[in-house]
Amino acid sequence: MENLTKRVPRQSNFRFLPSAIFDGKKIRAVGNKIYTTPLEGTFHQFLEQHAIELIGDDWWLGQESKKYNEQSCLFKWADEFYKAGLDIKINNPHQKMISVPNTGTRLCWMLFCYDLLCLEHRFALPQELIERLKDNVSFQSARYELAIAAMLVRADFDIVWIKHSDKKSCELIATHRKTHWSFGVEVKSKRYPGIMNEIGQKNDDVKRLNNLLKKALNQVPENMGYLIFIDQNLDGLDEAKLIHLANSALKNCVKESSEDNPNPFSSIVFTNFSFHYLDDGVVKYAFACPPHPKYPMPLEIQQAIEDGLYYYSYVPDEM
């Protein structure tokens, strides 16, 4: 596959062991597992096969038997990627290494695969999350949780998931490896009819944001910082509009505060993960930090998360 971005990420403590060649095979270590693949196989092919195996053959076969409008968008992303590579192979039968032109949909698939691998490497990929990714109804929220969790581990945070059955708790606890600052994380993604497995025709109703924020403000963890990630999921949303939407939500949902009556959250991070709209493959984001947080977010934490979001769409060519 072609380079997914021209950006090169800053140095990070997130590392895979370098891949190696042994007995005519490519050897890759992920977490406590060793994977062997053909020598001529690429890292992107390995990512894809790894994700397919995690999801399971039964799910893929079940999706193939469904009508197109009943298939998960995850299946459609993978199918487009597969068919693009197949077309290139047919037209170039003697070419051993192929390059699949990048699109937003193909980037969705590759990032999904890379996110799974990164979380498995840090022993932070619960089976419950995989099951929710396979369900059309829960897919969108589970996909955003996967993205934020993978972004955090690549930005040098350790994460611990909280059981999803506890509706009053946040999604996970993150700890920065360098500063050891821990904080709760809650993620919410706006749903629109016709997008990401949602039934109906797409519309741009933006009134749902306030409800998401109000729900997140009721899931505050005890005795630590609290970051809320809210994805707008809008087509063509620029930074100025994102900031405007963020300010409107804060005005409508966040109480007045003081040093004696602090806000319970350290920051709200408004994002726009919109690769499925075939845009430029860049995550747009805006931080909203209250004037009187109970647990102020250190600047180093914000900088690490900004780096993680900025470089989110970077997929390396090899481990």
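For this structure, a couple of remarks:
- Residue 265 touching a strand residue (DSSP E or B) at 6+ places or on another chain (Cβ under 6 Å), in a loop (DSSP other than H, G, I, E, B) and either buried (at least 16 other Cβ atoms within 10 Å of the Cβ) or touching a residue at least 24 places away in the same chain (Cβ under 8 Å) (or both): yes
- Hits in the stretch 120-133 - residues which are assigned to a helix (DSSP H, G or I) and either over 19 Å from residue 308 (Cβ atoms) or in contact (Cβ under 8 Å) with a residue 40 or more places away in the chain (or both): 120, 121, 127, 128, 130, 131, 132, 133
- The residue pairs whose first member lies in the stretch 167-188 and is closer than 15 Å to residue 217 by Cβ, whose second member is in a loop (DSSP other than H, G, I, E, B) and among the acidic types (Asp, Glu), and whose beta carbons are closer than 7 Å, counting only pairs six or more residues apart or on different chains, are 185/171; 186/171; 187/171.
- Of the residues making up the stretch 67-87, one or more are of a type in the set (A, V, I, L, M), modelled with pLDDT of 75 or more and touching a Phe, Trp or Tyr at 6+ places or on another chain (Cβ under 6 Å).
- Scanning the stretch 249-270 for residues that are modelled with pLDDT of 80 or more and of a type in the set (Ser, Thr, Tyr) returns 258, 266, 267.
- Residues in the stretch 267-290 that are hydroxyl-bearing (Ser, Thr, Tyr) and in contact with a Cys (Cβ under 7 Å, 6 or more places away or on another chain): 267 only.
- Qualifying residue in the stretch 232-245 (condition: crowded, with 22+ Cβ neighbours inside 10 Å, of a type in the set (A, V, I, L, M, F, W, C), under 30 Å from residue 177 (Cβ atoms) and in contact (Cβ under 8 Å) with a residue 12 or more places away in the chain): no
- Among (1) surrounded by 16 or more Cβ atoms within 10 Å (Cβ to Cβ); (2) modelled with pLDDT under 95 - the single one residue 144 does not satisfy: (2)
- The set of residues in the stretch 290-314 being hydrophobic (A, V, I, L, M, F, W, C), crowded, with 19+ Cβ neighbours inside 10 Å and out of contact with any Gly (no Cβ under 7 Å at 6 or more places or on another chain) consists of 301, 304, 305, 309.
- Any hit, the stretch 196-208, residues being surrounded by 15 or more Cβ atoms within 10 Å (Cβ to Cβ), assigned to a loop (DSSP other than H, G, I, E, B) and at pLDDT 85 or above: no
- Scope the stretch 37-81; condition of a type in the set (S, T, N, Q) and surrounded by 13 or more Cβ atoms within 10 Å (Cβ to Cβ); matching residues: 37, 42, 45, 49, 63, 71, 72
- Some residue of the stretch 289-297 being of a type in the set (A, V, I, L, M, F, W, C) and either assigned to a strand (DSSP E or B) or under 13 Å from the mean Cα position of the chain (by Cα) (or both): no
- Residue pairs whose Cβ atoms lie under 8 Å apart, separated by 6 or more positions or on different chains, with the first residue in the stretch 1-27 and farther than 16 Å from residue 44 by Cα and the second at pLDDT below 80 and hydrophobic (A, V, I, L, M, F, W, C), do not occur.
- Whichever residue in the stretch 228-248 is within 23 Å of the chain's Cα centre (by Cα) and in a helix (DSSP H, G or I) and, among such residues, is farthest from residue 141 (Cα to Cα): 240
- When residues of the stretch 298-319 are limited to those that are outside any loop (DSSP other than H, G, I, E, B) and of a type in the set (D, E, K, R), the one farthest from the chain's Cα centre (by Cα): 300
The values are calculated or read from the model by the stated rules, or taken from the named source; none is laboratory data. This is a predicted model, so every value here is computed, not measured. Neighbour counts run over all protein chains shown; Cβ positions are idealised from the backbone, glycine included.
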